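Just so you know, all these numbers are worked out from the coordinates, no wet-lab data involved. Since this is a predicted model, take the numbers as computed values, not measurements. Because the Cβ atoms are built from the backbone with ideal geometry, glycine has one as well, and the counts that use them run over all protein chains shown.
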């Protein structure tokens, strides 16, 4: 009876969570939903006389794998989210048809099966669940187990190889960096000196306060851009700083546009039109995934409109 | 009387009669393989092998004469040529030895003549090599004791003829004429080949002895078919209607070639073939024999008519050759009564026609290779020996009494007359025309006004050229009488070809003979009035329709072009088009179709991994569904 | 009860499958794959109990290990792709076509 | 136990590896020539020991290859195979010598070309010597590989198209044959692919027909028989002359050899049934090939089309089912290899000098290069089956033999003799006769190497023309044996027809 209640509760939870996983537009929510499903399943394992698997499910899946998911999500852009527009014709329709058909088929299969009462695991887990499993793993399945270890090592090596970036040029020394700075200065007039610290002539000694040049104007170089954007979004940025930032950003954008022409244009990158433009702008430059996203320069305004 | 049995022979000169063929063949091989090193003595070697072959021929002839007439057919086995099909051997009998003597004798004279005629040609060695090759092939043709051996020689002379007609191959006309000769001959060979197939199928052997003594009795239809097919082969080689068209073009070759191949020997091979196969496939009165006589008469008239209109001295002579071979064919078709006359006329014709061709060559040699008779005239004074020998040949061919042609041609006319009066009278008519066109030729060349080109300086030819003429003209005078009088030749030939029950006797004053003489005289007189006494225009007048008809070779070439060449070219183009567009088009079309389909199908590979996943998912669903369905059946 | 578990497993599996097909974010797609694997695990565990045989649990265990290895590699690939293409959408990785 | 045949196959293979490893092209060429001559000497030494009236297959060797399927590495030769092996080993050194400078313009190195030649030689010997049907199939297909590269890497402007067309065509036929081979194995149920085990194992006529078609289409493509011929002109015209010689001279003979060996002996009833069809195709091929040849403007394509005509004669001979015709057909295979080989090589020399395959680019070559023209004429005359040259004997035997049973077909085929005169002599006239074209005025006559290439060919052409007995003595018993099965079938069917008539 207890199992029935547990099952029904967790079944509803896990199916709901699974649907949430599929339908939530933010990847982070999906991850959390998946976590929920996994935890529910862990409990269901435990209920079904599989305490070891339940533990492993929680430790390995919910613990390690989910963390890895979240970590990569953060790396890739925590708040990038799918648009609802389907770009492959018929994909969604046929996916749902196939899914329903598959579900019906599986249901028919399960329904057709004539099942006796569960035998239960008491007989085979006389020594306890974990020792019995261990015995099997290290006797009958020992070859598979060893092969699995090879698989894990290979996976680890594979991940390293994939994540590794080959250095194609020698590592720049300080001398190289310095020279490059001056080349940049000679060609584009970029300031070769270190960026001015915030608030050299500041009225407030705070990191979000721009430095003032001797003529009293704002030095856009000194502003932490992320913070400035945030303030712009909140509407608390001083107007003169906003104007200076805007001018500087436009120049930067023009420079970037030239470079971007070389990039491949992605037809499916339409997610910039969503109302979450401000959030994605906030994550720039890391998360500005699609080139046809709103430019950083126009970001604050759109953000304000969205608000 | 039936032909005698063929018996195997070994020993003696006859045993080594293969030397007849081997000697000139060796000469040809040495001259062709030796290259320029043999340039210096090439012509001498060529003459030497031909003469040596003649000597061997005479020795063989003498040994043969030593046998009883009934044992004069001797076969000399040589080697196993095609196992299962035929052995190679030589058949030495009165018929073949007559040819051997003609070929090697006249051949040797022409070889000698060519030394002088070709003296200035840079390729003289090659010329002699080809001549030797021809002699070897021709000897194989007449000596082989089976049809396949005959066929080898048959095509061998065709090759030699091809090479020699096209000897001056840098002239497109010569090259074309050579090719034409070969191809038209091949049409005849087609018939001969099928005749041989039929013979093999019917008799299971192709040797003359085997066919003669075979117990097999094929149906009359088969025999007639063989006869007609052999006749087709003979028509090709002997330039008889309807395969006559190549002979006139063949005059592009050097004149000795025209004399040897296209007058004296090769073109008579058809007569040899008919005579050789006569007893078996052309029995008297059979369909095949009648066809032979019809072809013969038609050709003798056609050749004569062509001869009347030609201004080219060689072509006029070629027309005459056609006509004379027509006589021989006519005689050969008459049956045993005619064989002896056919072969006798063939031999005397070999002499007087070679004599006249060589004489014509001598004239051309003197006139800077000019062949148009309208630019000759009055040559009898500058070239007395040539004129005299030519005149003898002329008198022989028109049948001037007591010269060679008189006896042999008269014999043919008599036997044809006995066979069928219509054919006989047509032959008489032909003789009359012969009188006209030969007289025309002689008058235009040697009599009348000089119509020479400005740079012509005619002179008598050197001795090496005139002596053969003299020897040939002597033969032209006496040979006919020697052979015919007392049925000498008919008796000699009888073991080989059979003999009529009643030997004909020679009537010098038969009706037909007298009419012939009258017609010939009339023809000669007409020619004298038109070409001897009257002025001959340097450019040919347009002439009547009949003249054009004769000048254009009775429209033979036009007919061939319209019937075969043009449809052939059209067919060729069609076939090439069909091959490129039809068959290959289909093949390439299939390839393009598959390519296009896959080009369209590959669009399924969109690169969107979700599409692939969808198809996998659907596939899995289908599999599960199928599993259910199958499981629940 | 077994039937219920199996139906639940099937439902989760199909939901995961549809998710794989309709989502474009590679990471979410991956999560859906994990969901399908988990659904299978549930079926295994259920069958283990149904048949009174631990083999089902063993398989589920191995599935987890393989899933872990798969996630490691899969995510590494996603990161590598993201690094070059600045996108985590599976539809953007479509150069291998035609 | 003899090791003759495996040595014959092994020597060129080892040689090919060696040649490919040599770094110096000149050395590689010399080594190739040496090896091919060694193979020739070995083959002659073997042929001398062959006794025509002995066992059907001689010098047999059998090793297990794939025991579980009964596949053997079985080698052995009868008279037919022996003469074809001799043809191959005679042609290879000649081709090596003729290709001395040919491979230098290719995409790959010259030594690769020569190594491929040696590999091809091994394959050619193997395919004729195989007594195991599966082994035959393997060699049959493997031969394509070196030839594909020889055409594709060293050929003319359209080489890729030609090579792919050749490969796909042959592969298509080969796969049909593979199906038939496997079906034969399965249906026969002997658990062996050995030819001797499979002969007579299929008695059901319906089955025979299907299997016959599988084999026959492969061979008809290979031979090539009309209408499967269009790959040949492309391949032969684009291949370097040496490769074209081996392609037309030897490779294509595998098709006709296969018909004689496999189609007739394994499926006598089906052969009898399909005889009219094959004869029609042959005769059409003879006339059609000749007519299309007349219309060609490209020398090599012309020669290729003449070969199509000649292959018609060979298949006519094979399927006329008489000893004369089949012996003639076998002899024809050999003779055609020599005469067409000579034609291709001389055409290759001409093209090498002038740089054009088009007939219209030549004219009057005889004047400047008489020896070249002379050899061309001899080879051409052999092609038109002039008596006294090799092809005549075989063509005449084929025709006379087929006339015995199939007079109508034989008569139509004989018309090919006339057409042959037209295409050969017309080509000769257009290239060699007439006024010398400006473009060939400076053309050199044959050099020493080329003389050595052509001398043996011309010698063989003339010698076999007058004295074919040595070859025919070897061929005749083998051919008698090969066609005896079908002859029995024919007699049986005649007898039954006669009975019905009564």
So if I take the alpha carbon set of region D:276-428, get Rg, then get Rh from the Kirkwood formula, what is the Rg over Rh ratio? 1.01
Given a Förster distance of 60 Å, report the FRET efficiency between residue D:186 and residue B:561 from their Cβ-Cβ distance, rounded to the nearest 0.05. 0.45
How high is the FRET efficiency from residue D:17 to residue D:44, r the C-beta distance, R0 25 Å, rounded to 0.05? 0.55
Hey, what's the Kirkwood Rh for region A:1-79 if you take every pair of different alpha carbons, in angstrom? 13.1 Å
Just need the Rg to Rh number for chain D, please, alpha carbons only, Kirkwood Rh. 0.96
I'd like the per residue volume of the convex hull spanned by the Cα atoms of region A:34-123, given in cubic angstrom. 128 Å³
Taking D:368, B:511, B:292 and counting other C-beta atoms within 10 Å, the order from fewest to most: B:511, D:368, B:292
Share of antiparallel DSSP beta bridges in region B:1-144, in percent to the nearest 5? 80 percent
In peptide A:64-72, what is the residue-averaged number of other protein chain Cβ atoms found within 10 Å of each Cβ? 5
Calculate the spin-label point distance for residue C:53 paired with residue D:463, positioning each point 7 Å from the Cα along the beta-carbon direction, and give it in nanometres. 7.9 nm
Where labels lie 7 Å past Cα in the beta-carbon direction, separation of residue B:569 and residue A:165 in nm: 7.7 nm
Mean shadow of chain B, computed from the convex hull of its alpha carbons, in nm²? 43.3 nm²
Which values of log₁₀ I(q)/I(0), to two decimal places, follow from the Debye formula for the protein assembly as shown at q = 0.04, 0.07, 0.08 Å⁻¹ with a uniform point scatterer at every Cα? -0.45, -0.88, -1.04
Can you give the direction-averaged projected area of the convex hull of the alpha-carbon atoms in region D:58-155, in nm²? 6.8 nm²
Over region D:269-343, equivalent-ellipsoid semi-axes from the Cα gyration tensor in Å: 24, 15, 7
Tell me the angle of helix D:110-129 to the major Cα principal axis of chain D, expressed in degrees between 0 and 90 and rounded to the nearest ten. 30 degrees
Sequence of D:48, A:110 once ranked by neighbouring C-beta atoms within 10 Å, starting from the fewest: D:48, A:110
Once you put a point 7 Å from the Cα of residue B:204 and another 7 Å from the Cα of residue D:64, both along the Cβ direction, what distance in nm separates them? 5.1 nm
Compute the distance from the alpha-carbon center of region A:1-79 to that of region C:49-94, in whole Å. 15 Å
For region C:3-85, one quarter of the surface area of the C-alpha convex hull, expressed in nm², comes to 5.4 nm²
So residue B:374 and residue B:485, fully extended at 0.36 nm per residue minus their Cα-Cα distance, gain in nm 36.0 nm
Which FRET efficiency value, to the nearest 0.05, do you get for residue B:457 and residue B:522 by plugging their Cβ-Cβ distance into 1/(1 + (r/R0)^6) with R0 = 30 Å? 0.20
What average number of partner chain Cβ atoms lie no more than 10 Å from the Cβ of the residues making up B:619-625? 5
Tell me the volume per residue, in Å³, of the convex hull enclosing the alpha carbons of region B:416-547. 182 Å³
For the protein assembly as shown, what does -39500 (n - 2.57) per DSSP helix run (n ≥ 4), summed and divided by total residues, give at 222 nm, in deg cm²/dmol to the nearest 500? -23000 deg cm²/dmol
Got the relative contact order for region D:151-501 handy, in percent, Cα pairs under 8 Å and 6 or more residues apart? 19 percent
Just want the ordering: A:5, D:286, from fewest to most Cβ atoms lying within 10 Å of their own Cβ. A:5, D:286
Along the three principal axes, how long is region B:83-237 when you take its alpha carbons, biggest first, rounded to the nearest angstrom? 58, 32, 26
